[in-house]
Amino acid sequence: MAACDRGSHPDLVGRRAPDFSVQDSERSVELYGLRGKVIVLNFWATWCPPCVEEMPSLGVMQAALSDHVQVLAVSVDVDSGAYHKFLSDHDIHFLTVRDPEQHSNSLYGTHGFPETYIIDTRGIVRRKFIGPVNWTRPEMMEYLGSL
């Protein structure tokens, strides 16, 4: 299934990941505060079928690689009720925040969802994925574990 596309995507691969901080009703998260682990930065929305498609594999991958990898899923949902219901209904246990003003994804030039960036332990963007990914594929798990 294709991504829910809304625009173009500048190339950040090989460059330092733009830092951002998101404060929602539940928590405050700063991207650079997660350094030291590989960060799987996922921009998504509850209304985006391809985003929903990849959520289970993100959770399984996070659980399997939790010592080395940190998923940060940033929702662009405006409706906090829909966001919280989604997290509850889908039993999401990885780090999520809601950025309805879309400040964080704007730093990355992300206007289509899902879009995911792999950021190494030094803060460098190593890969970008547009559209849903099966995060539990052996080659993906091996790649993330090797960073």
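The values are calculated or read from the model by the stated rules, or taken from the named source; none is laboratory data. Model, not experiment: these values are computed from the prediction. Ideal geometry is used to build each Cβ from the backbone, glycine not excepted, and the neighbour counts take in all protein chains shown.
Checking the structure you have, find out if any residue of region 124-132 is in a loop (DSSP other than H, G, I, E, B) and over 12 Å from Asn42 (Cβ atoms). Outline the logic, then answer.
Within region 124-132, the first condition is being in a loop (DSSP other than H, G, I, E, B), and the residues that meet it are 131-132.
When the remaining residues are screened for being over 12 Å from Asn42 (Cβ atoms), the result is none.
Checked region 124-132: no residue is in a loop (DSSP other than H, G, I, E, B) and over 12 Å from Asn42 (Cβ atoms).
Do we have any residue at all in region 30-41 that's surrounded by 14 or more Cβ atoms within 10 Å (Cβ to Cβ), within 17 Å of Arg122 (Cβ to Cβ) and of a type in the set (Lys, Arg)?
Checked against the condition, which is being surrounded by 14 or more Cβ atoms within 10 Å (Cβ to Cβ), within 17 Å of Arg122 (Cβ to Cβ) and of a type in the set (Lys, Arg), region 30-41 yields at least one hit.
Can you go through Val78, Val97, Val74 and tell me which one is modelled with pLDDT under 95 and part of a strand (DSSP E or B)?
Values: Val78 fails: part of a strand (DSSP E or B); Val74 fails: modelled with pLDDT under 95.
Going through Val78, Val97, Val74 in turn, the sole match is Val97.
So, in region 42-71, exactly how many residues are among the polar types (S, T, N, Q), surrounded by fewer than 18 Cβ atoms within 10 Å (Cβ to Cβ) and not in a loop (DSSP other than H, G, I, E, B)?
Counting residues in region 42-71 that are among the polar types (S, T, N, Q), surrounded by fewer than 18 Cβ atoms within 10 Å (Cβ to Cβ) and not in a loop (DSSP other than H, G, I, E, B) gives 1.
Condition test on His90, is it modelled with pLDDT under 95, more than 15 Å from the chain's Cα centre (by Cα), surrounded by 14 or more Cβ atoms within 10 Å (Cβ to Cβ) and not polar (S, T, N, Q)? Explain how you work it out, then say what you get.
Numbers: modelled with pLDDT under 95: yes; more than 15 Å from the chain's Cα centre (by Cα): yes; surrounded by 14 or more Cβ atoms within 10 Å (Cβ to Cβ): no; not polar (S, T, N, Q): yes.
So His90 does not fit the description; no.
Give the residue, chosen from Val125, Val133, Val97, Val76, that is closer than 18 Å to Val60 by Cα and among the hydrophobic types (A, V, I, L, M, F, W, C). Steps first, please.
Numbers: Val125 fails: closer than 18 Å to Val60 by Cα; Val97 fails: closer than 18 Å to Val60 by Cα; Val76 fails: closer than 18 Å to Val60 by Cα.
Of the residues listed, the single one that is closer than 18 Å to Val60 by Cα and among the hydrophobic types (A, V, I, L, M, F, W, C) is Val133.
Look through Val38, Val60 and report the one residue that is touching a helix residue (DSSP H, G or I) at 6+ places or on another chain (Cβ under 7 Å) and at pLDDT 90 or above.
On the way: Val60 fails: touching a helix residue (DSSP H, G or I) at 6+ places or on another chain (Cβ under 7 Å).
Sole residue among the options that is touching a helix residue (DSSP H, G or I) at 6+ places or on another chain (Cβ under 7 Å) and at pLDDT 90 or above: Val38.
Take the conditions touching a helix residue (DSSP H, G or I) at 6+ places or on another chain (Cβ under 7 Å) and of a type in the set (Ser, Thr, Tyr) and apply them to Thr110. Does it pass? It would help to see each step written out before you state the result.
Working: touching a helix residue (DSSP H, G or I) at 6+ places or on another chain (Cβ under 7 Å): no; of a type in the set (Ser, Thr, Tyr): yes.
No.
For the condition hydroxyl-bearing (Ser, Thr, Tyr), in contact (Cβ under 8 Å) with a residue 60 or more places away in the chain and farther than 17 Å from Gly131 by Cβ, what is the one hit in Ser80, Ser104? I'd like the intermediate steps shown before the answer.
Values: Ser80 fails: in contact (Cβ under 8 Å) with a residue 60 or more places away in the chain.
The unique qualifying residue is Ser104.
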